[in-house]
1. So for chain B: antiparallel DSSP bridges make up what percent, rounded to the nearest 5?
2. Which percentage, to the nearest 5, of the DSSP beta bridges contained in the range B:195-437 is antiparallel?
3. Taking a point 7 angstrom from the Cα of B:THR38 along the C-beta vector, which residues in the range B:162-194 have backbone N less than 17 Å away?
4. When a/c is below 1.5 the answer is rounded, else prolate if a/b is larger than b/c, else oblate, so apply that to chain A with a ≥ b ≥ c taken from the square roots of the Cα gyration tensor eigenvalues.
5. Placing unit charges on C-beta atoms (Lys and Arg positive, Asp and Glu negative, everything else neutral), compute the dipole magnitude of the range B:195-437 about its Cα centre in debye, rounded to 20.
6. Once every DSSP H run of n ≥ 4 in chain B is given -39500 (n - 2.57) and the sum is divided by its residues, what mean residue ellipticity at 222 nm do you get, rounded to the nearest 500 deg cm²/dmol?
7. Can you tell me, using C-alpha contacts under 8 Å and at least 6 residues apart, the relative contact order of chain A as a whole percent?
8. Run lengths n ≥ 4 of DSSP H only: what is the helix-derived mean residue ellipticity at 222 nm for chain A, with -39500 (n - 2.57) per run over all residues, to the nearest 500?
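Derivation of every value follows stated rules applied to the coordinates shown; laboratory data play no part. Computed from a predicted model, the values in this text were never measured in an experiment. Glycine gets a Cβ as well: all are built from the backbone with ideal geometry, and neighbour counts include every protein chain shown.
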Amino acid sequence: MAEQHMTTEQYTAAIEKARALFEDLSYSYAREWKEQDPSRRVIGYLPIYIPREIIHAMGMLPVGIFGAGDRMSIVKGDAFFQSYICHIPRTVIEMALNGNMDHFDGFLFPSICDVIRNLSGIFRLKFEDKFIQYFDLPQNFDRKVGGTFYRREMERLIEGLKALNGHELTTEELNASIEIYNYNRKLVNELADLRSDFPHKISAVDFYLVLRAGGTMTVEEHNEYLEEILRLAREVDAEPEDKIRVVISGAFCEQPPLGLIKTIENAGCYVVEDDMQLGMKWIKTDIPSDTDDPISALIEAYLDHSEFSSAVYEADNPKGEQLKQQVIDRRADGVLFCAPSFCDPALLDRPLLEQAMDANHIRHFGFQYHENLGQFHVIKEQAGTFADMIKLWE
Amino acid sequence: MLSRLEGGEMTVQKENSMLKQKQMLADHFMELSQVRETGKKVVYTFVPGNLTELIYSFDMLPVYPEINALQSGMRKKSRDYIREAEDMGYSEDICSYVKCDIGMMVQGNIGPTGQQLPPPDLLLLSYTGCFVFMKWFENLKHLYPDAEIAMLHIPYQEAGRIEPDHIEYIKEQLRTEVIPKLEKVSGVKFDETKLGEKLDLSAKAEDLLIEIFDSAQNRPSPIDAYFGGVYYIGPIFTAFRGSPECVDYYEELASEVRFRVENKMGPITPDGVLKEENFRLVVEGPPNWTHFRGFWKLFYEMGAVFVGSTYTRVGGVYDDGFRHSSDDPLKSLAEYCLGCYTNRNLPQRIDLIERFITRYHADGFLVNSIKSCNSFSAGQLVMMRELEERLQIPVGFIETDLVDPRYYSYSNIKNRLDSFFQMLEQRQIMKRRMEAVV
């Protein structure tokens with residue numbers, strides 16, 4: 001009993017570490033990391049996917065920028081974006097203008113939507129002394145065509161980073177980084193499996209915080225942290241509750257507030273899969289880490305082994321089928337379509353995904369949120385009704 | 001030069017070029033309605049980064065869903081179409097063009113002329129300067145599962161310039177993805193010479209279009225580069241670029257504009273020639289289509305004329321010298337796509353607007369921020385402040401939507417415009433006083 005008490009305390013303390021990083025809008029971890037060595041550089045990146053291996057191999061710290069959620073009052077941000085534009089760019093620009101990210105040396109904006117794209121232009125105008133790159137990911141998946149284009153994008157990234165610290169990237173360094181990130185994804189996937197198998201052992205909020213910490217810590221520390229969380233979560237002695245199992249879809253960019261994630265769980269839904277930190281598990285396989293051309297390895301991983309996403313052209317692989325497969329793999333009872341207001345990628349996908357779920361007799365319901373949402377009553381009622389409906393009638 | 005037509009209750013003045021364009025459109029939609037008989041294949045595609053010359057080189061017919069949507073807006077049909085799409089699960093938050101288009105298709109796909117539009121044989125997704133395009137055609141692919149789909153990814157000008165490898169990327173996609181699909185669907189072999197001939201015709205029309213835009217340097221401006229501008233760009237942005245008819249249209253329009261310049265006439269509004277030019281404006285953002293005429297009236301009643309607009313560059317920017325060319329046809333298409341207005345980064349867009357304001361001697365800058373168009377709207381507030389700082393000119397801001405009538409608030413727009421015009425007037429009074437002192 002005492003041993004179990006100790007494990008629970010350790011687990012709680014470990015989660016608190018991630019929560020502290022989550023709460024820290026000054027990115028102090030990155031500041032302290034950078035201060036240890038004058039040659040170190042910090043590179044912020046927006047959702048969803050960036051080949052962090054490159055940034056790491058260049059001796060830099062990649063830091064995920066996911067907005068400030070409900071933890072910051074918007075004063076300047078609203079003067080940059082109209083009311084009908086999603087919320088995340090407001091808190092990003094607010095933090096940047098307030099100096100929270102002064103210690104960042106560069107910012108990367110992956111090609112996921114027009115808002116993030118144009119935010120890159122605002123950063124170019126407002127932060128002329130920083131390295132800014134809109135990182136255009138290919139929508140053509142032919143290696144000779146899209147692959148060639150993607151190689152140049154990565155070369156441009158490497159050139160831009162080199163201008164910051166003068167570092168000449170070697171094959172060995174990039175291979176080593178690929179290996180470290182392979183291990184990171186392996187641990188993330190293990191934790192995701194654990195969560196799916198025993199959702200009562202690690203809550204949706206805890207799982208989220210642990211993954212989110214990966215966008216703040218060094219990958220080496222995150223790997224150690226994941227090992228610890230895995231060990232502790234396995235040992236936690238918790239009783240399963242009578243809840244349904246759900247997949248959350250559509251929250252890959254602007255993040256739902258923690259209160260919302262908690263509300264879903266409290267309403268009777270175990271979250272057994274979600275896309276809130278999709279970038280952490282974007283590549284679905286190990287990337288070869290012993291080649292003479294690690295850039296090619298990254299290219300092939302992206303073109304052939306990316307997770308499905310609203311930001312990526314569907315081509316001949318319908319997303320509805322892939323979501324259905326996720327539901328089957330995770331033995332889920334239904335899907336919660338949970339997208340930020342004004343999010344073009346998620347909201348334009350939703351009708352197609354809903355149709356696919358209907359066609360496969362998978363229960364679903366949807367709602368919209370924004371990152372600083374403070375009232376969860378309606379969503380709680382809806383999620384609760386959804387859970388009850390499945391428990392009673394399925 | 002002018003003819004007077006009865007259009008319902010309102011009398012509208014139309015020029016010969018407008019009548020010509022109307023006939024061109026009627027012929028085009030007639031041809032579309034007859035594809036069952038003629039066997040011609042149909043390509044749905046977008047205005048920005050459109051490959052019209054390439055499509056016609058395969059003897060196929062283009063359809064532009066955005067144009068259908070805006071026409072539905074002007075014909076007061078969009079409200080029902082949008083409602084239909086929202087009933088299908090499309091959020092109120094997303095692009096009203098998409099919802100209008102999908103609603104129209106579900107309700108029978110009746111086009112602007114009242115004839116049914118044929119379904120697409122090919123969805124040519126030229127993904128240029130607007131993320132929503134990709135999602136739009138993913139949705140259409142589900143509505144038209146038998147149609148082929150070809151994706152052409154146009155990289156963004158993130159660094160404010162066209163990268164040589166981006167041109168190669170586009171050419172490779174044309175060679176390996178787009179042209180093979182066009183060949184497959186049409187059964188016609190690609191003919192580069194035929195394409196080149198069309199591109200040279202495009203260049204002629206583009207020269208004339210720029211002459212027309214540049215006429216706004218005159219006082220009074222003989223054109224309204226926004227409300228009138230949407231008519232001027234009609235043929236070149238849609239189904240006619242690369243055709244002799246398109247060149248004829250622009251020759252006609254240019255001669256009308258030259259006539260107005262020579263006679264110091266203002267632009268033609270629905271109520272006739274603008275008599276007095278009080279304010280010269282440059283505008284950023286697409287117009288509202290559901291209340292187009294009333295929206296325009298808010299300006300011409302005040303003697304406000306638009307001497308430059310960014311919306312008229314959305315289907316191609318020809319102001320910096322680019323012209324389609326037969327020299328290297330695929331390269332030419334690639335450069336065209338890359339240069340479209342919303343494919344340019346924010347600093348480039350600001351520079352272009354600055355050029356319009358100075359070149360066309362504008363008194364003020366206005367943003368018409370469109371609720372459902374993030375490609376245009378995200379960043380506009382920053383653009384406004386930048387231009388205000390650089391040029392010290394009055395800036396105005398209004399909000400409408402493309403084709404969702406729920407987001408057109410006459411009183412809000414009027415209030416904001418009244419303030420803006422007062423500001424402009426005050427500036428003019430001060431300027432006159434200063435000149436009197438000097």
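1. 25
2. If we restrict to bridges inside the range B:195-437, about 10 percent are antiparallel.
3. Residues passing the 17 Å test: B:186-188.
4. Working: a/c = 1.39, a/b = 1.33, b/c = 1.05.
The shape class here is rounded.
5. Its charge dipole is roughly 800 debye.
6. Details: 19 runs with 218 residues, N = 438.
Theoretical 222 nm ellipticity from helices: -15500 deg cm²/dmol.
7. Computed over chain A, the figure is 20 percent.
8. Per the formula, -16000 deg cm²/dmol.
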